[in-house]
Amino acid sequence: MMGTSSESECTVTAASSTSITCNLGRGSLGQHKVDVVIKEKGRAKHPTSGDVKFEFISGINSVAPSTVGLGGGVTLTLSGYGFHDNALVTIGGASCTIISITDQLVKCTLPPNTAGMKSVTLTQNGITLNAPTQVNYDASVTVKISSISPASTAVEGGGTLVIQGSGFGSNGTLKIGDIEVATTTFGDTEVRAELPPLPPGNHQIKLFISPNGYAVLSSTNQLAEIEVILKLQNVFPRLGSVLGGTRLTLTGEGFTTNKNLIEVKGGIMVSVKCVWLRNRLLKVSMSYNQDGITICHMCLAQK
């Protein structure tokens, strides 16, 4: 048995009057006192010169791949030893999203980055490890997008997203934000897809082309974006009878033309009904006060 504040079991495989052989389980990094307990005899004494200790260590042996595109999205694999479930990975100071962790392997999704060599670090239990090699974000292997159309859309989706560029190949995957989108056509210079329902705001276009990652805009070397518009700008009139009957006019952008999907509540709330649109629940809530009108929140959920 081994441990200080947290103990690691060492399963005994052989023993004699002068030696014990055992297989040690996982433990936290650093030095730990070794304790031996023998049933019916008690705990073994340590030498007067000091406690017998064992040190758990960790390290990174290698990282792969060594070269990626500027858009990120590629799985980075760190090989080594002593990795823990709480490990965090950064590359060039940017977070690498963890996919999986074992004692000897850590996998994470690379973020977009600027061109150049980037250092890889792993931090766990307050200890930072540096990888022996760097990863090269290389503009020459990055797939480029020349344009996307439309540049903006409404929350209920619909319409066709057209992505033009070069080097797309014949297959790949597409996400808008974190939503996976099926492509309707996929060619070396053009990709098309039906726009799904999305919350208001700017969403990254993540066109993944193996093996080098997400395509970037040729003009900026960054991921392309599409704006999803839903804005409530004003309501007329602002005064009405408590008994109801006042006819209201709401102005803004991105409203649906399907009146069956719209519900207007008097008082402080104007909201679009919770409705199923293309297998996703779209809910939009807005509120206004005397100082103006603001959009409160929007949520999407899978059916």
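The values are calculated or read from the model by the stated rules, or taken from the named source; none is laboratory data. Because the structure is a prediction, the values reported are computed rather than measured. Please note: Cβ atoms are built from the backbone with ideal geometry, for glycine as well, and neighbour counts cover all protein chains shown.
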Reported set for the stretch 148-180 where residues are within 19 Å of Leu217 (Cα to Cα), surrounded by 16 or more Cβ atoms within 10 Å (Cβ to Cβ), among the hydrophobic types (A, V, I, L, M, F, W, C) and out of contact with any Ser or Thr (no Cβ under 6 Å at 6 or more places or on another chain) is Ile148, Leu161, Ile163, Phe168, Ile176
Take the residues in the stretch 224-242 that are in a strand (DSSP E or B) and touching a Gly at 6+ places or on another chain (Cβ under 7 Å); name whichever of them is surrounded by the most Cβ atoms within 10 Å (Cβ to Cβ). Val228
Take the stretch 184-194 and flag every residue that is surrounded by 13 or more Cβ atoms within 10 Å (Cβ to Cβ) and over 19 Å from Leu217 (Cα atoms). Glu194
Only listed residue being surrounded by 14 or more Cβ atoms within 10 Å (Cβ to Cβ) and at pLDDT 90 or above, chosen from Pro65, Pro47: Pro65
Name the residue that is nearest to Ser58 (Cα to Cα), counting only residues in the stretch 18-34 that are at pLDDT below 90 and not in a strand (DSSP E or B). Leu29
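Residues checked against (1) outside the structural domain of Thr133 (by TED's automatic domain parsing); (2) in contact with a helix residue (DSSP H, G or I) (Cβ under 8 Å, 6 or more places away or on another chain); (3) within 22 Å of Leu29 (Cβ to Cβ):
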position: Lys45; (1), (2), (3): yes, no, no
position: Thr48; (1), (2), (3): yes, no, no
position: Ala64; (1), (2), (3): no, no, no
position: Val74; (1), (2), (3): no, no, no
position: His84; (1), (2), (3): no, no, yes
position: Ser95; (1), (2), (3): no, no, yes
position: Ser100; (1), (2), (3): no, no, yes
position: Asn113; (1), (2), (3): no, no, no
position: Gly116; (1), (2), (3): no, no, no
Can you name the residue in the stretch 170-185 that is part of a loop (DSSP other than H, G, I, E, B) and not acidic (Asp, Glu) and is also nearest to Gly158 (Cα to Cα) among such residues? Ala182
Somewhere in the stretch 210-217, is a residue of a type in the set (S, T, N, Q) and outside the structural domain of Gly159 (by TED's automatic domain parsing)? no
Could you run through the stretch 90-134 and say how many residues are part of a loop (DSSP other than H, G, I, E, B) and either farther than 21 Å from Ser58 by Cα or out of contact with any His (no Cβ under 9 Å at 6 or more places or on another chain) (or both)? 16
Index of the failed condition, Gly73 passing every other in (1) within 21 Å of Gln134 (Cα to Cα); (2) in contact with a Phe, Trp or Tyr (Cβ under 6 Å, 6 or more places away or on another chain); (3) part of a strand (DSSP E or B): (3)
